[in-house]
Amino acid sequence: MAAPAWAGGGPEGAVLDRMSLKGKSAFVTGGSRGIGKALAIGLAQAGANVTIASRTTLQEGQALATELKQYGVDAFAILADVTNRSALDAAVSETVNRWGKLDIMVPNAGIGIDVNAEDMTEEQWDRLMDVNLKGVFFACQAAAKVMIPQNKGNIIITSSLSAHVVNGDPQACYNTSKAGVNMLMKCLAYEWARFNIRVNAISPGFIYSEMLDPYLAAFPEKAHGYMVAPSVQNRVGTPDELAGAAVYLASDASSYTTGQAIVVDGGYSLTPGNYRLR
Ligand code: NAP
């Protein structure tokens with residue numbers, strides 16, 4: 001029996017060929033270090049040209065761009081504060097000027113502020129939400145301005161396990177921002193499906209990066225108690241352990257996946273935490 005028309009339309013070819021990002025054009029916010037850097041490396045290894053955007057760390061971004069070229073792709077670094085809409089639009093325009101299109105947007109930049117809810121100031125709340133929620137929205141909008149006329153695009157947001165569970169830290173604002181990111185991701189996946197744009201998220205558990213350094217340095221035992229002890233793998237993750245999920249979501253291998261947050265947490269969320277905040 002022949003399949004009806006509405007049962008087709010997916011990509012063809014072997015699955016590893018569909019995982020290739022060869023010739024695609026990608027943009028990573030917060031790409032200069034940590035998780036964003038690892039995602040940029042993964043995308044480049046899979047064949048994509050990559051724009052590395054960051055707020056202040058242009059030199060680190062430039063060094064990374066040089067590193068990425070060893071994979072046979074093009075790359076460049078640019079400063080773009082995600083809270084500044086016109087700076088983001090300009091950086092995306094540079095990407096399109098260089099490679100003629102934008103296939104993959106990775107809104108990854110984010111900050112954490114570790115403070116008890118009762119002590120959090122309005123300035124701290126606004127600063128975090130501006131980067132983690134509004135900045136993600138601005139990056140998605142900047143991408144959509146190019147992707148909607150292209151009638152094709154793919155957005156992969158770095159969310160967090162903290163969107164799904166309270167992570168053991170006093171981080172009400174951070175966790176709320178990430179829960180907001182996940183709902184934003186679903187809304188955009190719904191709204192922009194008509195433009196052939198897929199929107200997904202990766203929700204990492206604790207990943208060793210500069211973001212974790214201050215907590216590990218200040219409270220090594222406490223940090224171990226809530227970051228490592230509840231993990232069934234008895235460790236935190238490394239940034240490059242997220243790259244496979246990003247390449248999968250960015251590629252045609254995930255053509256029927258949209259509006260989803262993939263949790264990559266080493267099994268952290270499988271067990272009830274044995275650490276309790278006092
Ligand atoms: P990180 O090492 O602190 O790196 C943060 C990156 O974001 C840097 O490139 C930084 O650029 C950039 N950034 C910060 N504010 C920005 C702004 N206003 N505009 C543009 N770029 C800005 O952090 P990370 O651990 O890699 O975190 C990356 C993402 O993963 C964040 O969204 C974070 O919430 C999420 N996440 C992290 C973990 C974890 O355990 N590390 C777990 C779950 C989710 P500059 O250096 O130039 O400021």
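The values are calculated or read from the model by the stated rules, or taken from the named source; none is laboratory data. Please read these numbers as outputs of a predicted model, since none were measured by experiment. A quick note on method: Cβ atoms are made from the backbone with ideal geometry, for glycine too, and the neighbour counts reach across all protein chains shown. The accessibility values were calculated without ligands, DNA or RNA, using every heavy atom of the protein model including side chains. Shrake-Rupley method; radii C 1.70, N 1.55, O 1.52, S 1.80 Å.
Is it the case that the range 159-171 has a residue that's over 24 Å from Tyr215 (Cα atoms), within 12 Å of the ligand (Cβ to nearest atom) and out of contact with any Ser or Thr (no Cβ under 6 Å at 6 or more places or on another chain)? Steps first, answer last, please.
Kept after step one, since they are over 24 Å from Tyr215 (Cα atoms), are these residues of the range 159-171: none.
No; the residues of the range 159-171 include none that is over 24 Å from Tyr215 (Cα atoms), within 12 Å of the ligand (Cβ to nearest atom) and out of contact with any Ser or Thr (no Cβ under 6 Å at 6 or more places or on another chain).
Residues in the range 113-167 that are open to solvent by less than 30 Å² (accessible area, probe 1.4 Å), closer than 24 Å to Ala91 by Cα and not in a helix (DSSP H, G or I): 7 in all. Residues that are touching a residue at least 12 places away in the same chain (Cβ under 8 Å) and under 16 Å from the mean Cα position of the chain (by Cα) number at least 1 in the following helices (runs of 4 or more DSSP H) confined to the range 194-278: 243-250.
How many of the residues making up the range 208-236 are open to solvent by 50 Å² or more (accessible area, probe 1.4 Å) and either of a type outside the set (Val, Ile, Thr) or on the phi > 0 side of the Ramachandran plot (or both)?
Filtering the range 208-236 for residues open to solvent by 50 Å² or more (accessible area, probe 1.4 Å) gives 208, 210-211, 213-214, 216-222, 224, 232-235.
Applying the additional criterion that residues be either of a type outside the set (Val, Ile, Thr) or on the phi > 0 side of the Ramachandran plot (or both) yields 208, 210-211, 213-214, 216-222, 224, 233-235.
Final tally of qualifying residues: 16.
Under the condition of being in contact with a strand residue (DSSP E or B) (Cβ under 6 Å, 6 or more places away or on another chain) and more than 14 Å from Ala139 (Cβ to Cβ), the residues counted in the range 44-68 number 10. Of the numbered criteria (1) modelled with pLDDT under 95; (2) surrounded by fewer than 18 Cβ atoms within 10 Å (Cβ to Cβ), the one Lys186 fails is (1). Within the range 189-207, the set of residues being open to solvent by 20 Å² or more (accessible area, probe 1.4 Å) and either of a type outside the set (A, V, I, L, M) or touching an Asp or Glu at 6+ places or on another chain (Cβ under 8 Å) (or both) comprises Tyr190, Glu191, Trp192, Arg194, Phe195, Asn196, Arg198, Phe206. Kindly evaluate Tyr190 against the criterion of being more than 18 Å from Ser160 (Cα to Cα) and assigned to a loop (DSSP other than H, G, I, E, B). Taking the combined requirement at face value, the residue does not satisfy it. Across the range 25-47, the number of residues qualifying as part of a helix (DSSP H, G or I), open to solvent by 20 Å² or more (accessible area, probe 1.4 Å) and within 9 Å of the ligand (Cβ to nearest atom) comes to 3.
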